[in-house]
Amino acid sequence: MLTETVAAPADDSPVLRFVGRLLQDALAAGASDVHLASTAGGLQIRYRLDGVLLPMDSVDGRDFGARVIRRLKVLAELEPTVNGRPQDGRLELTQGERRIDARLSVLPSRHGEDAVLRILDRQGLLSSGRMNLAGLGLDAVATGAIRRLVQRPHGLLLVTGPAGSGTTTTLYGLLGEQPAGEDKLITLEDPVEAPLAGALQLAVGDSAGLGCAHALRAALRHDSDRLMVGDLRDTETARLVVQAALSGQRVYAGVHAGQAFDAIGRLITLGVDPYDLAAALNGVVAQRLLRRVCPHCAEDDQPTPEMLQASGLPKAVLEEGWTFRRGRGCDDCRGSGYLGRQAIAQTLTLDPELRGLIAERASPAMQRAAAERRGLITLRDAALELVCAGITTLEEANRVTAVQE
Ligand SMILES: [Zn+2]
């Protein structure tokens, strides 16, 4: 890995200066990824901010653009002159005193090469020190429901959502509900996202060279009380997690799925026995992240009747005191109208009826109907609550949650 001080390039070459400025700007903006695409006229640059790609300034000149990508390849210790095949590398960026890991992926494209720089910034997880549920910004009802699940003495709690929906942050928040050092906590992560006080954290996965199931078996022999598994994706790990929960441990695990019931279906598809799962599972938290309206340029807004109809909202909401807000776009939000994100959650708590339905392999639709009769809130409802309060926009709610959820 190469350490490169990008703040003050000693060389005055325009390419070096440009790349240094670009990296500093991306860090300052809080971008998670920088996309550089070669075009007929140069380079198109976009940042992923709060989960969405936004166009930034483009670069004129194909030669200059190619040299920018070559410079990034040098920083990531790739072959700068090899252009015809995919390459992946790592580099370390510095911002003031901070060191930030980044990964570079380069692919050949129609006009040369495209590069994506993924910035692995753990500051978000670390900045609040020890995380807990209150730090997630969920509403009081969701926080209370999750806290009751966390306090069960044993069993499995699943956290689910698509990639990039903040499930890792929530898992850390769940772990933070218990005082550090009072019990043996082991985490299995790919990769370890942030240091947790009082925990034994194991890096699993291909890059770590330690299989998740292998690590989990070892952890179970290590007299653990609580286990956290970042991502359940293979049959053996899923079965071991359920067995650990049945044997009296508290287990928190992430699984990539859409809604709470999809996560249950996913484990059964992976080969977990439905009867065991029904006995082990305490609940499922499904979550999403929505972009917040930028406070610096927010103004009142009135969606069109067509927009309301397409969003499944009756005209009546207009008389119910909804406060629609929208960001005009300013320097603080880079013209997007959004700044920062807000989590929403659907919390499913298992009861005897639901356990029975899962054990009997009832369809997700039947399970869902039973839960909704008991007042299960959909992610759509949770998103519209934020729209109603002017925290996010209808467009953003429609982007993240489907109208028919
Ligand atoms: Zn703004």
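The values are calculated or read from the model by the stated rules, or taken from the named source; none is laboratory data. Quick caveat, the model's predicted, so the values are computed rather than measured. Here the Cβ is made from the backbone with ideal geometry for all residues, glycine too, and neighbour counts use every protein chain on show. Note: areas computed on protein heavy atoms with side chains; ligands, DNA, RNA excluded. Shrake-Rupley method; radii C 1.70, N 1.55, O 1.52, S 1.80 Å.
Any idea of the accessible area per residue across the chain, 1.4 Å probe, to the nearest Å²? Working shown, then result.
Working: 18940 Å² over 405 residues.
Ligands and nucleic acids excluded, the result is 47 Å² per residue.
Taking the 1.4 Å solvent-accessible surface of the chain as the whole, the part contributed by carbon and sulfur is 49%. Of the residues R70, R368, R373, ranked by 1.4 Å probe accessible area with the largest first, the sequence reads R373, R70, R368. Between R399 and A28, the contour length at 0.36 nm per residue exceeds the Cα-Cα span by 131.0 nm.
Take the Cα of R217, go 7 Å toward its beta carbon, and the backbone nitrogen atoms of the stretch 239-255 under 12 Å from that spot belong to 240. Rounded to the nearest 500, the 222 nm mean residue ellipticity of the chain from helices alone is -9500 deg cm²/dmol, with -39,500 (n - 2.57) taken per DSSP H run of at least 4 residues. For G137, what charge total do you get from the other residues with a beta carbon under 15 Å from its beta carbon, if Lys and Arg give +1 and Asp and Glu give -1? Combined, the nearby Lys, Arg, Asp and Glu give +2. Kindly identify the chain as rounded, prolate or oblate by the Cα gyration tensor criterion: order the square roots of the eigenvalues as a ≥ b ≥ c, call it rounded if a/c is under 1.5, otherwise compare a/b with b/c, prolate if a/b is larger, else oblate. Note, shape of the chain comes out oblate. Among Q243, A370, L357, which residue has its Cα furthest toward the positive end of the charge dipole of the stretch 124-400, with +1 on Lys/Arg Cβ and -1 on Asp/Glu Cβ? Comparing the listed Cα positions along the dipole, Q243 ranks first.
What FRET efficiency do you get for H111 and T323 if R0 is 45 Å and r is their Cβ-Cβ distance, rounded to the nearest 0.05?
Values: r = 46 Å, r/R0 = 1.02.
Efficiency computed from Cβ-Cβ geometry: 0.45.
Here the spin labels are modelled as points 7 Å beyond Cα on the Cα-Cβ line, and at R62 and E97 they lie 4.8 nm apart.
For the pair A365 and D183 in one chain, pulling the backbone fully straight at 0.36 nm per residue adds 61.7 nm over the alpha carbon distance. Derived scalar couplings between HN and Hα for the stretch 14-30 equal x, 5, 4, 4, 4, 5, x, 5, 4, 5, 5, 5, 5, 5, 5, 6, x Hz in order, rounded to whole Hz, by the Karplus curve 6.51 cos²θ - 1.76 cosθ + 1.60 (θ = phi - 60°), x for Gly and Pro.
Could you check how many percent of all C-alpha pairs in the stretch 14-121 are farther apart than 21 Å? Mind dumping the intermediate values first?
Working: 1591 of 5778 pairs.
Considering the stretch 14-121, 28 percent of its Cα-Cα pairs are separated by more than 21 Å.
Distance between the modelled labels on A163 and V82, one decimal in nanometres: 2.3 nm (7 Å Cα→Cβ projection). Each of the peptides 333-340, 236-243 was scored by the mean count of other Cβ atoms within 10 Å over its residues; in descending order, highest first, they stand as 236-243, 333-340. The Cys residues in the chain with no partner Cys Cβ within less than 4.7 Å of their Cβ are C212, C388.
Given contacts defined as C-alpha pairs under 8 Å and at least six residues apart, what's the relative contact order of the chain, whole-number percent? Walk me through the numbers on the way to the answer.
Details: 790 pairs, mean separation 50.0, N = 405.
After rounding, I find 12 percent.
Across the stretch 143-159, computed HN-Hα scalar couplings (Karplus, 6.51 cos²θ - 1.76 cosθ + 1.60, θ = phi - 60°) run 4, x, 5, 5, 4, 5, 5, 5, 7, 4, x, 7, x, 9, 10, 9, 10 Hz from first to last residue, x flagging Gly and Pro.
Which order do the peptides 178-186, 92-100, 290-298 come out in when sorted by mean C-beta neighbours inside 10 angstrom, highest first?
Numbers: 178-186: 14.9, 92-100: 13.1, 290-298: 21.0.
Highest to lowest by the protection proxy: 290-298, 178-186, 92-100.
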